[in-house]
Each structure stands twice: as structure tokens, then as C-alpha cells.
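The values are calculated or read from the model by the stated rules, or taken from the named source; none is laboratory data. From a predicted model like this one, the values you see are computed outputs, not experimental measurements. Note that each Cβ is placed from the backbone with ideal geometry, even for glycine, and that neighbours are counted across all protein chains shown.
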Amino acid sequence: MTPALNVTKMSKSFAGPRVLDGVSLSIEPGEIRALVGENGSGKSTLIKILAGFHLPDEGSAEVDGQPLRLGDGTSSEGLGLRFVHQDLGLVNNLDAVDNLALGVGYSSFRGGIRWRQERKRARKALADLGYHFDVRRTVDRLAMSERTALAVARAMGPRATPPKVLILDEPTANLPAAEAQRLFQLARRVADSGVAVVFVSHHFDEVFGLAQSVTVLRDGQHVITRPVAGLTEDGLIELVIGRQLEQVQHDAKAAERRAVVLEAAGLGCGVLDNVDFAVHAGEIVGVAGITGSGRDEIARALFGGLDRTGEVTVNGAAVPKLRPDKAMAMGMGLVPAERHANAAFMTSTLRENITVVRPGTHWRGGILRKSAERSDVARWLERLDVRPRKPEFTMADLSGGNQQKVVLARWLRLEPKVLVLDEPTQGVDVGAKSDIHTLIDEAAAQGTAVLVASTDHEELVRLCHRVLVMRRGRIAEEISGGRMDHDVITAATIGRDQADAA
Amino acid sequence: MTVDKQTTEPGVEREAGGPPAPTQRKITAVLGLDRFSGLYVWAVLILIFSLWVPDLFLTANNARIIAGSQAITAMVAMGLIVPVACGAFDLSIAGTLGVSVCTVIWFQANHHGWALGIVVALLVGLAVGLVNAFIVVRLHVDSFIGTLGMSSILLAGTEWITGGGQIANGVSATFTGIGQNQVWGLPLPVFYMVALAIVLWWLLEYTPIGRYLYGIGGNPQAARLAGIRVGRVTTGAFLLSGLVAAFSGVVLAAQLGSASPDVGGPFLLPAFSAVFLGATQVFPGRVNVPGTLIAIFLLATGVKGLQLAGAPSYINDLFNGAALIIAVALAARAYASQRKA
């Protein structure tokens, strides 16, 4: 039988090391193949090459025996490759009918859209996938699994050639468990119609629940392709990280236990479900987890940036929800993820960026004393080694690492009792990263309770006394002491849920 | 392999340490060309018209006329700065001004006294601000749309108060003195304008509230996560712009001594032009009080000079519009090239 997709010796580098290094694989029609690997293992590069977005350095690919013209998106579509990307690519304020028509167009009669026929067609396309909902509802009013179904329906929809391979890039990252199950049924329906399904996932329980075979990539190289049957979860984890789990281990920082400062009880927010934890004075607690595990929400839920349920207390006093000002007044500080969107005032000066929290400290006699403020800010810029050390430069004049230091200085200036950091070194160069780690250590040494949510597991090992590992909205594991290790954390984030195993 | 995605942000990931465009920045900074270009243009305009129409332009009386006639526009514009600083438009300022004029005159025409009229007019201004804030903050209506609707409602209000025509009877001479008397050869409204400018300059530059306003305008999400009460500050901004517009209305009523339903409308566009033109001055990139004043008097000088030199009356609107577009386009260009460096 001709394979639905055949990739031969695909390589690609972006100014430096090879991110994809001679990868070959082959998938039969009707097969469901899981594609797994750590972040940076080359999965997305491979998919983007197949989509015609990147041009590979070498290698070739055939779809159903037809050679794919690489670097040409129309060729990949013309041969029957269909993609559903993680963000789904739907337009939120349009309904299902309009979204299905994006890029394809509507059927029309004398210049007018034949709405009745379009709606009928949309309903049928979704019914084929096992979904029945009002096609006139806009996307933002659909459940996550319904949106995913819509994106799949669009990918599978009528084009010049019938679909041969459907590639789903982390389609369950944002799905609650129950909705993920519906998506599995959908993927099986697609496969039953003879289309090969490639399924990128970090959820290993999904790999075992859905896929017939699995391809593992590591550091841009093809490690193995094998049937899922006969593979254990630990075995797969070892294939992904390339080492035995118990191999490398070093001791986590030991912490003397002091009083509890930050406590969360029954915390719920988005996928976060009834989470309890406490952070002690002088302690640095890490939060690890894949996208959609609840790691993304935890920092903003604590500070009040997102709506939440449950209790959050600082030194025993309850912090009201959705009130960052109250959280701040009670001694909490937040360095949020995605600096540009959530923390930086790009056109304001470094002075204003730092003193924007509590500018009143330099308010005397009814006037903000700018010279006092400037020298205060200059001291902080010096302490954090921000370059250039100019309080009147605007934020946009600085590199990413220096901007992040300014955001950190903003909160350190207030000497918070609790410092919550979300991806504190995102988009930050190596030198600044190490500086930021030192500053976090110093804050903890002075008694601040620190919570760090991060996808950088080396960072968590470097900083934390213990790490809470999130899976599906709950704390699945706590890693500390001798088990504190990058691979152990990685394995724990992608491990099977205890509840699912039972 | 770690999960270290070194996201590169174009234009931001450049070498730290070097100030942007060093040489060019230095020369223009010494002359203040980057921050005070408006003052230079103003000086050039004064020079041109002094040579062109010396006997008409370069007189104390002409300076007095320009200052007096622009005081109201300047006050409305300065009130507008506050919501614009926090990223909200208030298109209802002209409507509030109109309602205020009509209210204070109506009170006198109906023998309720001018003092009560002033109090009620100011309260109406605050009420309009409060409703605007409710629409924008609570109902999450875009401020442009919300205040546009409000300005239409206020226009209806002026029609209702005046009965569609002019009211001019019963206006007290004491009251008109508020707008028409002179001190040191300058009409009183000029002094109100200066006082208001000082208060708002202090508010925006030397109080925490000013920081919050600019913070919200720069990045509302970051402002919220920095513990700023975005809704509350925005509400305050609308209250203030409503109050200032109402106060300007009282002064305008005193200047005119009469009220008509269409009195507010002509102030809207000049006020907005001045605020945005002003954002290219003094503190480039942010709306500010001195920049707005420079913009107002620059435009007024240009228009008056052209009128004295015999230009037709439509030159006013033409000059205002063209100056706004050119100035803001130049500022945008300068900003873009600075970012590219």
C-alpha cells in the first residue's frame, strides 16, 4: 500500500544548530500516529515544513505517492495535507458557517450567498464528526471541544483534492478531560474514513488511549517509530528524554521551615481545580506543568488578575479575588508572563515603570518629588544592573532582559511578603537570566515567600526548594530534595494522571 | 534540551547601552527641536505675520483678542486631556459645554439667580461624567461610541432647555462680568485658563493619579496587574472632563450673555486637534497640558494672521485640519524611525 505520508531525511537549521536532523517517517492511510518529544525536539519545525511554512535544508516528502513541493503551502494543500494548529485559527466573532467558508468561499447564486445551503452543509460537516450544535452561534460561544471540531471540520472540508493526512498540533492542550474524550472519537472517525492522522501531544495518556503507533523525536532526530502496544509509559518517557529516570539526581536546596506566608485553599480558575498549597517565608516554590495543566493560570489567579474560586491568604488574612490593588496592599507582588502585554509600559520611562506601583512614596507636600524618585530608581537600576542605567530612558529603549529586570525592580522596591513570578526569564538572554535568578534568591533570603511558575525546568531546579507539578488542573506531584531534577520534572509534567490510571 | 524559547522581539532585542540615534538626538535635543518644535513654529508664524501685516497683527489688541478668544477652547481641551491620557475619548465635552451654557442662562432667564445656575451647571457636568463612566467602565461600551451617543443626548438637552431658540433675557451684569471683565488688560477667562492649566499640569505630572492615568493609557492590562484601579481612575477622568467642560460653559455663557442650542458644537474638533497636536510637544508621545496650550495658540496665531492678511473665513477650519494631520504624521514618522534605530 502507498503510504499516506512519507518523509525522507528532512533537515533544517535556523542560524546555528540543526533543529531537525535527517528525520524520516512513514504513515499508512487510516493510521493514527502520535508524534511526541520535548519542546524544541523538532515537532513543530517538521509540521511547519510540511505546511510549506519553512523550507528545509534537505529532504523530501511524498503524499500518497505524489512528491510534495517543499516551501509551497499550496502544494501541501493540493496534495491533501490538512492541518489543525494549536490556536485553531478560527475567527471568534464569526459563526461556524463563516469560519468554514474562510479561505474556501461561499456557494452563491447570482452574487448572493446561498445561506440555507451553506448552513446545511456546515451542519452535515459537523455531524460527520459527531457534533451537533447551532451553526449560527459565533465561535466565542462554543465549548472548546466544539471549536476544535469546527477547526477539524474546516480542515477536512471540500478542497480541490480529498484529504489524505490530517495533522493535529496539540489539539487537546486547552481541553478539559471530558472534552478531550470527544475529540478522540472525532479523530477515530477521521481515521476510519481512510485518512492518516498525525497527533502531536504532550499528554501521554492520550498517546496510549488514541494512537496505534508513536514516533519519538529528540533534539531534532528521529529516535524511534513503533506500535504503542507493548510500550509502557515509563518506557515512552525514557525515549522522550533520552535517559533513564533515576539516573541524574541532585539535592534540592534545603529550606528551613518558617511560618506559612502564602496559602491557597480550594483554588479554582479555568482548568485549575480545587488546588491547595502553602509557601513559607524564605521559601521558593516552583510550579511546573504543560500548557493547559493550570500552570498558566496559577500566578494571575493568586494575584487577582483572573477570576477564581477558593481562598488565598497572606499571613492569614484573606486576599479578595479580582483585586490586584488589595493583593498588592497586603504584600503580594506579581511579575506576570508575557511582559509586553502584561507588565511593560513601553513608551514610559524606566522611572515611571518602576514607581507605577505605589508612586506615592515620593509624594511630599502635595507634590511627587521627581528628583527623589529619580535617585531612588537609579539605585534600583544599579542594584539590578539594568543597562543603560538611565531612569529617563523609555522602556522600549531596553533589551528584553533589561526590561524584565525593570519589571522585577518594580516589585522588589516594595519589599513584598509574597512574590509571584510567571515565566520570570521568558525571552531573556543568558546573562540577565542568571542575574534575575540571583535576585530571586536574595529576595527569598530576606524572608519573601516566592512562587515561580515556569516551563523552564532547569530554572525551577536552579531556584526552587520544591516544585509542584500540575496535571489537568491539579497538583499531581511534589518534587523536592533528592528528586529535584530537570528530567524528573519533565517526566512528571507529562506523566499519566493517577486518576486516569485507577 | 531545555524549554528555553528565546523569543526575539524585533526592535527591542538590540544591544543594551546605546541611546537611540545618538548624534541626531543630540543636535535636536540641544535646540529643543524635538520637544518644542511648536514654539519655534509659533515664533516663525509671529515673525511672518509681523512682516506681512505689521500694523494689524503686531498689536497688543490683537494679542488680547487671540488670548481671549482661545481661553474657552483651551480649557475644554485641557479637560479632555485627562480621559485621553488614560486611553478614553470623551466626545461629549462639547455637548456638556452647550448644556452648561444653556443651564446657567436659563436659570437667570427664569429668575433663579446666576449663582444657583452655576452650581447646577457644574453638577450637570459631573452627572454627565458619571453617566459616561458608567457606560464605558460598567457597560464596557467603547468610549468613542458611548460618548458620541452621550453628545447627541446632550444636544437634545440644549434644544429642550432653550426651546430651540436663543435665550438672552434676564442675564445679570455681575454674571457677564465673570467672562467679560479685564484685569491688567487681559480678559478674565485667560486667568481661568492659566489657573486650570496649573491645576491640571500638577495633577498629571506631580500626583500619583497622573501616573495612574498615563499608565492605564499606555497599557491597561499591565496597569491592572500593577494594582491600579483602572475602572475607578477612568471614572475620575470622565468626572473631571465633565466638570471642566461645564465650567468652560459657565465662562462662555458669561462671555456671550446668551444661550442657543448650537453653542457647544464648534468647540469639539479644535479641542481634539489641540490635544493630539499637543501630544507631539513637550512630552512627545503623550498628551500633556503645556503641549496642548502651545498647539492652541500656535493654531490661533496662524488663523488670525491669515485672516488679517485677508484670507477668506473658511481658512480657519482648513488651517486647523491641515496642521493637525501634518504635525501628527511628522510625529508618527519620528517615532517610527526612533524605534527602528
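The table for this structure:
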item: Residues being within 12 Å of chain B (Cβ to nearest Cβ) and of a type in the set (Lys, Arg) - total across the range A:308-353; result: 4
item: Qualifying residue in the range A:448-460 (condition: aliphatic (A, V, I, L, M) and in a helix (DSSP H, G or I)); result: yes
item: Flag if A:Asp307 is surrounded by fewer than 24 Cβ atoms within 10 Å (Cβ to Cβ), assigned to a loop (DSSP other than H, G, I, E, B) and on the phi < 0 side of the Ramachandran plot; result: yes
item: Helices (runs of 4 or more DSSP H) enclosed by the range B:213-298 - at least 2 residues per element that are more than 30 Å from A:Asp307 (Cβ to Cβ); result: B:230-256, B:268-278
item: Any hit, the range B:150-157, residues being within 14 Å of chain A (Cβ to nearest Cβ) and either out of contact with any strand residue (DSSP E or B) (no Cβ under 8 Å at 6 or more places or on another chain) or closer than 30 Å to B:His111 by Cβ (or both); result: no
item: Qualifying residue in the range A:361-370 (condition: more than 10 Å from chain B (Cβ to nearest Cβ) and polar (S, T, N, Q)); result: no
item: Selection status of B:Ile135, touching a strand residue (DSSP E or B) at 6+ places or on another chain (Cβ under 9 Å) and over 15 Å from B:Ala246 (Cα atoms); result: no
item: Residues of the range B:210-241 satisfying the condition of being closer than 23 Å to B:Met75 by Cα and at the interface with chain A (Cβ under 7 Å from one of its Cβ atoms); result: B:Arg211, B:Tyr214
item: Close pairs (6 angstrom Cβ cut-off, 6 or more residues apart or separate chains): within 14 Å of chain B (Cβ to nearest Cβ) in the range A:211-235, buried (at least 16 other Cβ atoms within 10 Å of the Cβ) and among the charged types (D, E, K, R) anywhere; result: A:Leu217/A:Lys43; A:Gly220/A:Arg18; A:Gly220/A:Asp21; A:Gln221/A:Asp21
item: Filter result for B:Val199 (assigned to a helix (DSSP H, G or I) and modelled with pLDDT of 95 or more); result: yes
item: Residues satisfying the stated conditions in the range A:326-379, i.e. in the same structural domain as A:Thr425 (by TED's automatic domain parsing), charged (D, E, K, R) and assigned to a helix (DSSP H, G or I); result: A:Lys326, A:Arg339
item: Residue that is surrounded by the most Cβ atoms within 10 Å (Cβ to Cβ), among those in the range A:344-358 that are among the hydroxyl-bearing types (Ser, Thr, Tyr) and in contact with a Gly (Cβ under 8 Å, 6 or more places away or on another chain); result: A:Ser348
item: Subset of the range B:290-305 (residues that are over 17 Å from B:Leu269 (Cα atoms) and within 13 Å of the chain's Cα centre (by Cα)); result: B:Pro290
item: Exclusive hit being in contact (Cβ under 8 Å) with a residue 40 or more places away in the chain, under 26 Å from A:Val104 (Cβ atoms) and part of a strand (DSSP E or B), set A:Glu77, A:Glu62; result: A:Glu62
